[in-house]
Amino acid sequence: MAIVDAPRYRPAAIESGGIEAIPAERRHGSPWQLFATWSSPNLEFATVFVGVLGIIFGLSFWQAVAALALGNALGAITQGVLSTWGPREGLAQFVISRTAFGFFGNILPAGINTVMAGLGWFAVNSVSGAFALTTLTGMPTVLSLLIVVVIEVGVAFIGHDLVQTFERYAAIALGIIFLIATVVIVSHAHLGFTPKGGGFSFGGFTATAAAAFGYACGWNPYASDYSRYLPASTRRASIAWAAGLGNFVSCTVLMFAGAASATIAMSDSDPTGAFVSTMPTAVKDLTLIAIAIGAIAANALNIYSGAMSFLAAGIRIPFSLRRAIVALGFGVIGFFIAWSALADAGTKYNNFLLVIAYWIAPWLGVVLTDRYLRRGTSIAELLPDHRRYLNPAGIIAFVVAAFVSIWLFCDETFYTGPISKHTGVGDITALVGFVLAAILYFVLFKAFRPALGAPLSGGTHGTDGGVPVGIDAADDVA
């Protein structure tokens, strides 16, 4: 009887192909690796700054902590749920999204995620890493930005196994450093801080919770990209807990530190410098190094998943290294976007966080409802490029919910919706967008009656979804 080697990590090998399904013989890993995968990218200054926003929005320290924890919990729950979808067919998140939107309808959300992940988030995190490196070394910010970007792109270019390996080791080092930094900050913070006038600002609370949710759920469209290599038989509960806890714990601890630091000092021109201002030199230097490494950990995922979303839109690139090539292209473009964002980074980041939630919330409402309505059925036969599967319910629900929620409830510096303006309810755009999209999709699904797949052999929670073929527009050169 021949002995077949078990699949193993190959972090030094460039991952070929694009968004094709991962066959059983290439599956490997443990579900608990996802705890590190979704911890490391949050252990950076962009997370800290969300905590600072709670104080900026006029909350007391503990009110801010409560709002941040609420937003993080909601984003972590959906992160856990979506991560369980990857192993069954071995597919990336925006390939699975085709069942809810159809092949052509999926181009819009996949395109939005391409821009937000491969360019938007990439620029945000690169800026925070560059500020940290400049504060540490005194080198020009543009040079710091270039160094950070080159490393980020290098990790993402190699692919899945190097990304997972980097996140695993980074989680340990960053976790230790930021825990020490948090203890130091809390020892100087004014935990009884209340804003002038005291009281409670419901609008500030909802804006803070929305910002936290926007950050935590910003990883949702990537979830199954990093669980699709797990064996199909992997326990779903373990996947959900690992991914959800990794997201929640890392976000909440660093946002707690950010809110605490804001009770000591704040700076629009140098937010990173303000965060480390009370630390002893050794802890300060280690924290700045950790912020730079954390930016790399976050952007390795952003570039990788941005490339996956780009290919999920049906773009045909006839090269075996098409995912790697797209990742490299995003890195170059993202560098120039980040360069332009170096000035007034704080205000731009605040706006960006809320905009993230504006589109992800209705997308979540659609895909979660779609999954519920398709429970117990296969999706493998609906996804191939040549099938050109149609489901207008998804794109209609998504666009209408996003438009209505933004129009009525948006509370941004560049636009305030009439309900937010006249009621003081704050920014509940994401909540309205999610609920409205879910209701609309449920009704439209029943009306349009899109095709369903065959029953799963394992029942409602079966793992035998089949391995789809013809998913990637360039499968013939994989």
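Tabulated data for the structure shown
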{"item": "Cβ-defined net charge surrounding THR137, 14 Å radius [Lys, Arg +1; Asp, Glu -1]", "result": "0"}
{"item": "THR137 versus ARG388: modelled label distance in nm, points set 7 Å from Cα along the beta carbon direction", "result": "5.2 nm"}
{"item": "Ordering of 385-393, 75-83 by burial proxy (mean other Cβ atoms within 10 Å per residue, highest first)", "result": "75-83, 385-393"}
{"item": "Ranked packing of 430-437, 167-174, most packed first, by mean Cβ within 10 Å", "result": "430-437, 167-174"}
{"item": "Three-way shape label, the stretch 159-274, alpha-carbon gyration tensor, a/c 1.5", "result": "prolate"}
{"item": "Nonlocal amide H pairs with THR377, under 5 Å, H built at 1.01 Å", "result": "LEU456"}
{"item": "Cut-off under 5 Å, modelled amide H: who pairs with ASP411 long-range", "result": "GLY417"}
{"item": "Under 29 Å, Cα to Cα: Lys pairs in the chain, sequence gap 8 or more or different chains", "result": "4"}
{"item": "Additional length obtainable on full extension of the chain from ASP285 to ILE264, 0.36 nm per residue less Cα span", "result": "5.7 nm"}
{"item": "Three-way shape call for the stretch 24-353 based on the alpha-carbon gyration tensor, with the a/c threshold at 1.5", "result": "prolate"}
{"item": "FRET efficiency for THR423 and LEU452, using Cβ-Cβ distance with R0 set to 45 Å, rounded to 0.05", "result": "0.60"}
{"item": "Paramagnetic reach from VAL469 (point 7 Å along Cα→Cβ, amide N under 16 Å) across the stretch 379-397", "result": "380-387"}
{"item": "Sites ILE172 and PHE104 - FRET efficiency at Förster radius 60 Å, r taken between beta-carbons, to 0.05", "result": "0.85"}
{"item": "Computed lengthening from ILE14 to ILE333, 0.36 nm per intervening residue step minus Cα-Cα distance", "result": "112.7 nm"}
{"item": "Stretchable slack from LEU408 to VAL150, in nm (0.36 nm times residue separation minus alpha-carbon distance)", "result": "88.7 nm"}
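Coordinate-derived values only; no laboratory data. This one's a predicted model, so the numbers in the text were calculated from it and none came from an experiment. We place every Cβ from the backbone using ideal geometry, glycine too, and count neighbours over all the protein chains shown.
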